[in-house]
Amino acid sequence: MFDLQDLYQEVIIDHNRSPRNFGKLDDATQVAEGYNPLCGDKLNLYLKTEDDVITDVSFDGSGCAISVASASLMTDSVKGKTIEQAEQLFQDFHNLIMEEENPGEEQMQSLGKLAALAGVKQYPARVKCATLCWHTLRSAMQGDAAPAMTE
C-alpha cells in the first residue's frame, strides 16, 4: 500500500543529501535572499528569466533538511515555467501545507513530487522551513530587494 509518510521521508532525505540546482547561477537575472529566524535557515535564490519564462534557477545557503529539500524540489518544479505558472505553483504548494484538509487527488497530481512535502503540515514549526524558498522565489520574481522572511 502507498504510504505518503514513507514517500515524504524518502524525498526529504534524497533532496537534502543531493540537492538539485544547488550553487550560484552566475548569469542570473534576479537574485533574492531568504532567512528563517526561527531555525536559522539562510537561502540565496538565483533566477534567470527570458520573456517571462524561468529558464534556469538555483540556490545556495544553509538550512535544515526540510528547507534544503523544499528548495531542491521547488527549483526542479519551476524551471521552464512562466512567472505566472510559478506563482500558481506557489499558491498550490502553500495551500497544500497550510490547509487543514487533506488535498484531493487532482491537487496532489498537479504538484508532482512537491506533494511529498504534504507531511510537513503535521509539524507546524517546520512549515516555515518548507516555505522559505517559495517566499524567496516570489521576492525574486517581483524584484523585491528586501530579504524574504518567514516571520
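The values are calculated or read from the model by the stated rules, or taken from the named source; none is laboratory data. Quantities reported herein were computed from a predicted structural model and do not represent experimental measurements. With ideal geometry, Cβ positions are generated from the backbone for all residues, glycine too; neighbour counts draw on all protein chains shown.
Is it the case that some residue within segment 45-68 is hydroxyl-bearing (Ser, Thr, Tyr) and in contact with a His (Cβ under 9 Å, 6 or more places away or on another chain)? Even if it seems obvious, please write down each step before you answer.
First, the residues of segment 45-68 that are hydroxyl-bearing (Ser, Thr, Tyr): 46, 49, 55, 58, 62, 67.
Subsequent filtering for residues that are in contact with a His (Cβ under 9 Å, 6 or more places away or on another chain) retains none.
No - not one qualifying residue is present in segment 45-68.
I'm trying to understand the selection: among the residues of segment 76-95, which are among the hydroxyl-bearing types (Ser, Thr, Tyr) and either modelled with pLDDT under 95 or closer than 14 Å to Ala130 by Cβ (or both)?
As a first pass, look at segment 76-95 and keep what is among the hydroxyl-bearing types (Ser, Thr, Tyr): 77, 82.
Across segment 76-95, the qualifying residue is only Ser77.
Among what's in segment 79-105 and is hydrophobic (A, V, I, L, M, F, W, C) and touching a Phe, Trp or Tyr at 6+ places or on another chain (Cβ under 9 Å), pick the residue that is nearest to Leu137 (Cα to Cα). Write out each step before concluding.
Taking segment 79-105 as the starting set, the residues that turn out to be hydrophobic (A, V, I, L, M, F, W, C) are 83, 86, 89-90, 93, 96-98.
Then drop every residue that is not touching a Phe, Trp or Tyr at 6+ places or on another chain (Cβ under 9 Å), which leaves 89-90, 93.
On the way: Leu89: 11, Phe90: 9, Phe93: 13 Å.
Here the answer is Phe90.
For segment 27-43, which positions are at pLDDT below 95 and in a loop (DSSP other than H, G, I, E, B)?
Hits for segment 27-43 are Pro37, Leu38, Cys39, Gly40.
Taking segment 71-114, which residues are more than 21 Å from Ile54 (Cα to Cα) and surrounded by 15 or more Cβ atoms within 10 Å (Cβ to Cβ)?
Keep residues of segment 71-114 that are more than 21 Å from Ile54 (Cα to Cα), which gives 95-109.
Leu96, Ile97, Pro103, Gln107, Met108, listed by residue number.
Output the residue which, of all residues in segment 16-43 that are without any contact (Cβ under 8 Å) to a residue 60 or more places away in the chain, surrounded by 15 or more Cβ atoms within 10 Å (Cβ to Cβ) and of a type in the set (S, T, N, Q), is farthest from Ala69 (Cα to Cα).
Here the residue is Thr29.
Which one of these is closer than 18 Å to Thr136 by Cα and within 13 Å of the chain's Cα centre (by Cα): Gly23, Gly34, Gly61, Gly40?
Details: Gly23 fails: within 13 Å of the chain's Cα centre (by Cα); Gly61 fails: within 13 Å of the chain's Cα centre (by Cα); Gly40 fails: within 13 Å of the chain's Cα centre (by Cα).
Step by step, each of Gly23, Gly34, Gly61, Gly40 is checked, and only Gly34 is closer than 18 Å to Thr136 by Cα and within 13 Å of the chain's Cα centre (by Cα).
On the given criteria, is Gly61 of a type outside the set (Asp, Glu), on the phi > 0 side of the Ramachandran plot and touching a residue at least 12 places away in the same chain (Cβ under 8 Å)? Write out each step before concluding.
On the way: of a type outside the set (Asp, Glu): yes; on the phi > 0 side of the Ramachandran plot: yes; touching a residue at least 12 places away in the same chain (Cβ under 8 Å): yes.
So Gly61 fits the description; yes.
Out of segment 44-68, which residues are part of a strand (DSSP E or B), surrounded by fewer than 20 Cβ atoms within 10 Å (Cβ to Cβ) and of a type in the set (A, V, I, L, M, F, W, C)?
The one that is part of a strand (DSSP E or B), surrounded by fewer than 20 Cβ atoms within 10 Å (Cβ to Cβ) and of a type in the set (A, V, I, L, M, F, W, C): Val53.
Considering Ala130, Ala86, Ala125, Ala140, which residue is in a helix (DSSP H, G or I) and either free of Cβ contacts under 8 Å to residues at least 40 places away in the same chain or touching a Ser or Thr at 6+ places or on another chain (Cβ under 6 Å) (or both)?
Details: Ala86 fails: either free of Cβ contacts under 8 Å to residues at least 40 places away in the same chain or touching a Ser or Thr at 6+ places or on another chain (Cβ under 6 Å) (or both); Ala125 fails: either free of Cβ contacts under 8 Å to residues at least 40 places away in the same chain or touching a Ser or Thr at 6+ places or on another chain (Cβ under 6 Å) (or both); Ala140 fails: either free of Cβ contacts under 8 Å to residues at least 40 places away in the same chain or touching a Ser or Thr at 6+ places or on another chain (Cβ under 6 Å) (or both).
Exactly one of Ala130, Ala86, Ala125, Ala140 is in a helix (DSSP H, G or I) and either free of Cβ contacts under 8 Å to residues at least 40 places away in the same chain or touching a Ser or Thr at 6+ places or on another chain (Cβ under 6 Å) (or both), namely Ala130.
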